[in-house]
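The values are calculated or read from the model by the stated rules, or taken from the named source; none is laboratory data. Just so it is clear, the structure is predicted and the values come from calculations on it, not from any experiment. With ideal geometry, Cβ positions are generated from the backbone for all residues, glycine too; neighbour counts draw on all protein chains shown. Note: areas computed on protein heavy atoms with side chains; ligands, DNA, RNA excluded. Shrake-Rupley method; radii C 1.70, N 1.55, O 1.52, S 1.80 Å.
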Amino acid sequence: MKISLNWINDFVDLKDIEIAELIKRLTLGTAEVEGVECKGREIKNVVVGKVLSVEEKPELKTTRLVQVDVGDKILQTLCGAKNVRVGMLVATACPGGSIVGLDQIDARKVGDYESNCILCSERELGISDDHSGLIELPLDLKLGEDIKKIYRLEDCVIEIDNKSLTNRPDLWGHYGIAREIAAIFKRTLKKLELDELKHNAELVHLDIKVKDKRCNRYSALTVRNIKQKTSSVDMKIRLYYTGLRSISLLVDLTNYVMLELGQPMHAFDKRTMHAVVVDSLKEDIKFTTLDDVERIVPKDTLMIQNGKESVAIAGIMGGQNTEIKEDTAELLIESAAFDAGTIRKTAVKLKLRTDASSRFEKSLDPELTVLSIKRFIRLLKNRQEDIEVSSNLTDVYVNEQKPITIEIDKRDIDSYMGVSLSDDFIIDSLTRLEFDIHCANHLYIVKVPTFRATKDISMKADIIEEVARMYGYDHIVPEPINLPVVPLEYSPDKMVIDKVKEILTEKYGATELHSYIWHDNELLRELEIEGKSGVSIVNSEDGYNARLREDFASTLFKVAAINAKHLDQFTTYEVGSVFKLGSEQKICEQRKVALLLFSKTRGIEELFYDAKDMVQTITHVLKNKKIKLEKLNEAEQYVNKTYSAVVKLDEKELGKIMAITDVMAKKIAPKAKLLFCELDLDTLIFAERSEVKYVEPSIYQQTKLDFNFLVTKDTRSDNIIKYIYDFRSELLKRVELIDLYKGKGIDDDKKSMTFGITIGSNEKTLVAEEINAFMKEFIEYMKENHYHLR
């Protein structure tokens, strides 16, 4: 939110307060200031000039030759503005001056004509985006007078972080910020200029009905005889500097009051408003809003109606059917308070966030409705004194804001802050923040002002916070808390997850990733696959990617597609959640660890055994158990079942290893091989750990022998290992698969598998004769099952 310090200065004297000190104190005590922008400083030597002549020249196709009197001299320029005419007063940038977008105004020659000044539009003065014509100055101004003496172009605009104002509905306008600054720097807060709006027996009350109690308060009146249609330049400047553009006087005034008090307002053309009904829709309707967009507004949405049709989406945006027009001479001005949650939900449903909705959803003070109308009328009269208020102020207060009173002992404040403060300081601090406070024997009875009671202040701790920030958090000396140091127990779940990550990252060099939990529908469409999903996000900001994933396929496909452009091979994993629709339409969230193995240089079988080794290592380290692989019967079309398997632990399904078909892999990258693996974390976490059996290691040297067997391509390594362990020999200690090879020199229906076999004795070091004898017997044993050395 942007705050103009010129505007703040209307309510609190900022004289002698350095900008840096104001920002520091405001950030420490109220809300974070994100940035500061100095406006108007680039405007130099721009004065009031009078157009003396405008000449058309045939050789000047888009511009005209203009003579301008700036008081002490006559300047010549070329001007393309359509509204330039003799006798008008214009903002003239003289030689040596500067404007927005041009640091130095110098005389220049265009063809045969010299141009030594620039006639300015509002955009060139930095006060709007309008570049359609010259800014027209009042005719009673003195020629040569500096434009900065006429309009307050120089300003300092600070930007406050909206997130730090979430619980402070009173700070969504300049007056609320001014109240804070006045309290912080102990200065007087000036009162707002308001119209009295006394009751007039000759005027009617408006026909207003609030049928839906989600409208807390609705206030309105009508005004006629409106002749003035344009806002003052100073008002346009303030609106533009704080992020809004000028539209027309009546619309600008509603925005001006909103930026000043934080209370959104809406002006209706009175010709279309015969009555006001605040009610919820009974069915979906089509409704065209002020931004010229036709929207489907759903049933139960809170709407403003004129007795015949809907005219505004309550708290969000008005409709085109009642907008202020150029010939509007009578208006109905409304100011209301709505249920914050209702406005928030509606804005999300319609994907329509506005300045009004962002304020209403913060729980505005209902007392602002009447205050803002009085302020609106005062500002309108300042612009046109002879307007006529044509109705009494009609106020329907449905849900009255209940007063909040909090009792707090001084000892509570001292204890929480760690500082002993005087009664005078506490009372003064709270009083400056407009709390009503009574003190007796160090017991404070605090009445909370309504603008702090809707969302912010509700208990003792809130009062302590108010005192503390006025004292200054930077003045509180931090002290260590004297508490016993007790070690925390690690969560079993976290220990398992951390160990899984450690194994995959440190042992196998895999990279952890963090992805979104929904399908990337665009990628799935490109790959011509349907992502599994039974759960969707309702009213998501991006409805296209609203389906939550049921497996990691789309996530891992996207990771593969992104990294395939830069890497020939990689392994990555994610610990995350998938979602399924269970019984009774309940959403079931499952925690899983998903692995992706990608390579352009290795075969899918090698990737399969790598994945198997990773899973086996995880279960061995965590549970001291071996996994069992079973045939994968059912799978998606993109899964190659030959190199896929169901992973079981204790006869329970732990997960799946799934190779991706070459057809699908080529859509990701040429020559790519992909393999997925998903493991259920809950199954892994709750599996019983087997007791570790320790075997006394031999003190004698062991020997490792490598055997390379030529086998059929569908032979499984675990079957061979099991067969080797059945070899009856006291020397056999350990067996492991070392290498797998298919390619040159090997028939297509064959493959080469190398096993490392460790042998040794607990009684002595083996000699060559014993090793050779083992090798001979072992080779013969393997031949019996047709496992021949390559």
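Couple of notes before you dig in:
- Meets criteria (open to solvent by 40 Å² or more (accessible area, probe 1.4 Å), out of contact with any Pro (no Cβ under 8 Å at 6 or more places or on another chain), part of a helix (DSSP H, G or I) and touching a residue at least 24 places away in the same chain (Cβ under 8 Å)) for Lys494: no
- Candidate set from the stretch 354-374 (those that are among the charged types (D, E, K, R) and either part of a helix (DSSP H, G or I) or within 12 Å of Ile313 (Cβ to Cβ) (or both)); member that is least open to solvent (accessible area, probe 1.4 Å): Arg359
- Looking only at the stretch 693-735, and only at residues there that are among the acidic types (Asp, Glu) and under 60 Å from the mean Cα position of the chain (by Cα), the one that is most open to solvent (accessible area, probe 1.4 Å): Glu696
- Residue ID - surrounded by the most Cβ atoms within 10 Å (Cβ to Cβ), chosen from residues in the stretch 525-574 that are modelled with pLDDT of 80 or more and acidic (Asp, Glu): Asp551
- Within the stretch 590-609, being under 40 Å from the mean Cα position of the chain (by Cα) and outside any strand (DSSP E or B) holds for Lys600, Leu607.
- Picking from residues in the stretch 301-314 that are assigned to a loop (DSSP other than H, G, I, E, B) and modelled with pLDDT of 95 or more, the one that is surrounded by the fewest Cβ atoms within 10 Å (Cβ to Cβ) is Thr301.
- Criterion applied to Asp718, Asp714, Asp739 was being within 26 Å of Ile627 (Cα to Cα), out of contact with any His (no Cβ under 7 Å at 6 or more places or on another chain) and assigned to a strand (DSSP E or B), and the one residue passing it is Asp739.
- Within the stretch 399-417, considering residues that are part of a helix (DSSP H, G or I) and among the hydroxyl-bearing types (Ser, Thr, Tyr), the one nearest to the chain's Cα centre (by Cα): Tyr416
- Residue selected from the stretch 124-157 under the condition free of Cβ contacts under 8 Å to residues at least 60 places away in the same chain and crowded, with 17+ Cβ neighbours inside 10 Å, by the criterion nearest to Leu239 (Cα to Cα): Glu124
- In the stretch 418-444, the residue that is nearest to Ala468 (Cα to Cα) out of those that are open to solvent by less than 70 Å² (accessible area, probe 1.4 Å), part of a strand (DSSP E or B) and out of contact with any Phe, Trp or Tyr (no Cβ under 8 Å at 6 or more places or on another chain) is Tyr444.
- You will find that of Asp386, Asp395, the residue that is acidic (Asp, Glu) and modelled with pLDDT under 95 is Asp386 and no other.
- Flag for Ile587 being touching a Lys or Arg at 6+ places or on another chain (Cβ under 8 Å) and either farther than 20 Å from Ser554 by Cα or of a type in the set (A, V, I, L, M) (or both): yes
- Residue that is most open to solvent (accessible area, probe 1.4 Å) [pool: residues in the stretch 505-516 that are in a loop (DSSP other than H, G, I, E, B) and within 23 Å of Ile618 (Cβ to Cβ)]: His514
- Looking only at residues in the stretch 94-123 that are within 21 Å of Arg245 (Cα to Cα) and in contact (Cβ under 8 Å) with a residue 24 or more places away in the chain, the one that is most open to solvent (accessible area, probe 1.4 Å) is Val100.
- Qualifying residue in the stretch 708-723 (condition: within 20 Å of Gly760 (Cβ to Cβ) and not hydrophobic (A, V, I, L, M, F, W, C)): no
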